[in-house]
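Report on the structure given below.
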Amino acid sequence: MGGVEDDEPASKRMKLSSGELRGLSNGSAFTEPIAGSSRDLMARPLPSEGDEEVIGPKGVIKRVEFVRIIAKALYSLGYNKSGAHLEEESGIPLQSSVVNLFMQQILDGNWDESVSTLPNIGLLDESVIKSASFLILEQKFFEFLDGEKVMDALKTLRTEIAPLCINNNRVRELSSCLVWPSHCGFVGAKSRSKLLEELQELLPPTIMIPERRLEHLVEQALILQREACTFHNSSDKDMSLYTDHNCGRDQIPSQTLQILKDHTDEVWFLKFSHNGKYLASSSNDRSAIIWEVDANGGVTLKHKLSGHQKSVSCVSWSSDDHQLLTCGVEEAVRRWDVSSGDCLHVYEKVGVGLVSCSWHPNGKWIFSGVNDKSICMWELDGKELECWKGQRTLKISDLEVTSNGKLIISMCKDSAILLLDREERVERFIEEDQTITSFSLSRDNRFLLVNLLNQEIHLWNIEGDIKLVAQYKGHKRTRFVIRSCFGGLEQAFIASGSEDSQVYLWHRGSCELIEALSGHSGAVNCVSWNPTNPHMLASGSDDRTIRIWGLKDLNVKRKDGQSNGIHYCNGGT
């Protein structure tokens, strides 16, 4: 069969109506209908098939592909005259004449002709031809049903769709549509332009360029630049196409903006609320404090929570940030109203002490670790709903519940973490070679950050098969529980306390240590990164203070900006 040349200039090419053009998966110009049977046509080779001219300083961009993608982008943006002019001036058509004919046949509903044209557009894979034919004939079937031509639809199904011998389940569904349309979910045939979009996903990109291909390439380039940027910690809308992206260290919170001195003993735990408007801290002074973060990033004391008889080891925010749990060391868990500061309930068990606390995301249940190594679930009024006994937790342990309420995570042995699926009743474990001191769950529930006795922090992927994905080193830990956290834009950084009085920051992906922040005069026990402000970090120390870190050279009025010069270590000077 002979090839068909398309020598007509772009100005003579027929265009679709503007409405149809906007809905197309491929909004290009089309040639005038070609006389004769489509069986006599063969795809005219595009210049890209034989023209290897390259452009760009690296010599890796094929000119023909580049021009076609630009033309595709122009049509997709609605610049049809510009797209047609580019085709005419470059001599590079967006598609072959036979592809244009095929697309026109689809839009005109010439189903038999379009099926006949399919083998001539350059497809070599018989399975792709069959799958594309199935989509076209399915559309023909549904349009017959729309027109209440049931016998014609039945004939199409029996003599055209079924003989393709593919997708038998779908063939049975189409059969049921003939008898009971509502049962198979039939609500009418899709638009023909939607059919073209589906065909485009099926056909090779050399035949029909994917929709928004240029945008995809540009986005991909920006994302790669962002991922390669060690200090990227600002909104993606600040990225520009005009220059290569490269953030400086000034995007990392590394300057003390405030020092909070309302605790009278070591600060053991810190956690920002989900909405970033509050910070909760707990201390060896048997109190917890709710701090309020104003619109300018200033932090002020809202409520000091008293009532625990022992040191307060941890806190946990409800999903709506209206309530806070605090846990005393082997004592009780208290539930507080954030607005008023009132204690709403005290959770206790006779003869044992509670060691950790966490919320179920529905806000109706709470969990606590118990020093008999069990984990309990309570209703808000204190009624115990369930208790998982056995080696479920330790006397010193963190407790996390995933945001879907499915997984309970706790240290069950010195060197192991339990991932308990409370719905499936399945237990999985993270096994370490070293003693685990603390852990932190990522916001997306996919990763666990584990602090170890040997001065390492391990990042574990807990989605699907559990696997170790990264290790962070540099901070100091010899005697005390040191905590770390995820933080920054898209949680791209890791922060940790350290016994050398510094806060350590790593790039999560590269594991590169990027900052060691000085300022505290005692061991830094805990850190928390504001989830809504990537430029705000808090750290708590044995020096009895909380430091709020922000960007350098900000015009912010600082409170108590100087250290008192006294070095505290677990309460001693």
Practice item. Taking only protein heavy atoms into account and a 1.4 Å probe, give the accessible area per residue of the chain in Å². Key: 47 Å²
Study note, to complete from the structure: Mean 1/r over distinct Cα pairs of the stretch 275-432, inverted to a Kirkwood Rh in Å, yields 15.9 Å
Check your understanding: How far apart, in nm, are two points set 7 Å out from the Cα along the Cα-to-Cβ line at Ile514 and at Gln391?
Key -> 4.0 nm
Point to revise | Stokes-Einstein D for the stretch 350-415, Kirkwood Rh over Cα pairs, 25 °C, 0.890 mPa s (µm²/s) | key: 208 µm²/s
Exercise for review: Give, as ranges by residue number, the residues of the stretch 203-234 whose backbone N falls under 12 Å from the point 7 Å along Cα→Cβ of Thr243.
Suggested key: none
Point to revise | Distance in nm between pseudo-label sites at Asp553 and Leu164 (7 Å out along the Cβ direction from Cα) | key: 6.3 nm
Point to revise | Reciprocal of mean inverse Cα separation for the stretch 129-182 (Kirkwood radius, Å) | key: 10.9 Å
Review point. In percent, how large is the relative contact order of the stretch 121-273, given Cα pairs closer than 8 Å and 6 or more residues apart?
Key: 18 percent
Practice item. Beyond 47 Å, what share of the Cα-Cα pairs of the chain is found? Please give it as a whole percent. Key: 40 percent
Point to revise | Relative contact order of the stretch 300-411, defined on C-alpha pairs under 8 angstrom at six or more residues apart (%) | key: 18 percent
Study note, to complete from the structure: Kirkwood calc, the stretch 292-350, C-alpha pairs only, radius in angstrom 12.4 Å
Check your understanding: How much of the accessible area of the chain, probe 1.4 Å, is carbon plus sulfur, in whole percent?
Key -> 49 percent
Study note, to complete from the structure: In nanometres, the difference between 0.36 nm per residue of separation and the alpha-carbon distance of Cys343 and Ala295 is 14.6 nm
Check your understanding: Taking a quarter of the surface of the convex hull around the Cα atoms of the stretch 232-288, what do you get in nm²?
Key -> 5.7 nm²
Revision key, fill the gap. One finds, for Lys476 and Glu173 with R0 = 60 angstrom and r their Cβ-Cβ distance, a FRET efficiency to the nearest 0.05 of 0.40
Revision key, fill the gap. Of every Cα-Cα pair in the stretch 381-508, the percentage lying beyond 21 Å is 40 percent
**Study point:** Gyration tensor (Cα) of the stretch 383-449, equivalent ellipsoid semi-axes in angstrom
**Key:** 18, 15, 11
Study note, to complete from the structure: Sparse-neighbourhood loop hits (GluC sites (Glu not before Pro), the stretch 337-407; DSSP loop; Cβ within 10 Å at most 11 others) -> none
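The values are calculated or read from the model by the stated rules, or taken from the named source; none is laboratory data. A quick note: this is a predicted structure, and the numbers were derived from the prediction, not measured. When we count neighbours, we look across all protein chains shown, and the Cβ atoms used for this are built from the backbone with ideal geometry, even at glycine. SASA here: full protein model, heavy atoms, side chains in, ligands and nucleic acids out. Shrake-Rupley method; radii C 1.70, N 1.55, O 1.52, S 1.80 Å.
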